[in-house]
Amino acid sequence: MIRSLALLVIPLAVIAVIFTNLPEDHPVKDVDWKPVLATARKEAPYQVLAPTNLPDGWRATRVAWVPQGRPYLNGEASPRNLWQLGFLTPDDAFIDLNQGDVQPQNMVDQQSRAGTPDGSSVVAGRTWQRLVSPDGRTRSLVLGSPDVTTVVTADLPYEALEAYASTLSNSG
């Protein structure tokens, strides 16, 4: 009887270990974004924005400057001069800043997750278009100009996006 029980228990124990032994959590790494910002501001044909005076606890986790034609995702050439900067808030919400100068609608659709118009916000005297994703989770603020399109995106209320957008500056 013990042998029969062992024949059942041992395989079940092995299966339990295999399926409950989940991979370790991969911590998010902070990035030093200021050197990349300096390069982007030297090379970009538009004014590159970045936050100033963020509250304590904000952590940069993504930064990229990709000149038009240089390899980007999957090694394909970037269709635009692209500036990207992402932060985790103290509550671990990701907020993303993207700027590009070519094919603005394509960039807006990608960053907003195919967002649809949802009104507007006025931040520092400038009118930003509000977009909301089809599932209602992701919100974006879009500021367009002839030289560059700026998109701020997060799974946060518009007020949080507006507060972040108010910190954006082309100097500092």
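What follows is calculated from the coordinates using simple rules that are stated; it is not laboratory data. Bear in mind the structure is a predicted one, so any value in this text is a computation, not a measurement. Backbone-built Cβ (ideal geometry, glycine too); neighbour counts: all protein chains shown.
Computed over every Cα-Cα pair of the chain and binned at 10 Å starting from 0, the pair-distance distribution P(r) comes out as 9, 33, 29, 10, 6, 7, 4, 1, 0 percent.
The charge dipole of the chain, taken about its Cα centre with unit charges on the Cβ atoms of Lys, Arg (+1), Asp and Glu (-1) only, comes to about 280 debye.
Shown in residue order for the stretch 137-154 are the 3J(HN,Hα) couplings computed by the Karplus curve 6.51 cos²θ - 1.76 cosθ + 1.60 at θ = phi - 60°: 8, 9, 10, 9, 10, 10, 10, x, 8, x, 8, 7, 10, 10, 10, 10, 9, 6 Hz (x for Gly and Pro).
Placing +1 on each Lys and Arg Cβ and -1 on each Asp and Glu Cβ, with no other charges, gives the stretch 59-153 a dipole about its Cα centre of roughly 80 debye.
Near Ala160, once Lys and Arg are set to +1 and Asp and Glu to -1 for all other residues with Cβ below 14 Å from its Cβ, the sum equals -3.
Roughly what angle does helix 34-43 make with the longest principal axis of the chain, taking Cα atoms, 0 to 90 degrees, to the nearest 10? With both axes taken from Cα atoms, the answer is about 40 degrees. Axis angle, to the nearest 10 degrees, between helix 2-20 and the longest C-alpha principal axis of the chain: 10 degrees. Sorting the segments 85-98, 61-74 by their mean number of nearby beta carbons within 10 angstrom, highest to lowest, gives 85-98, 61-74.
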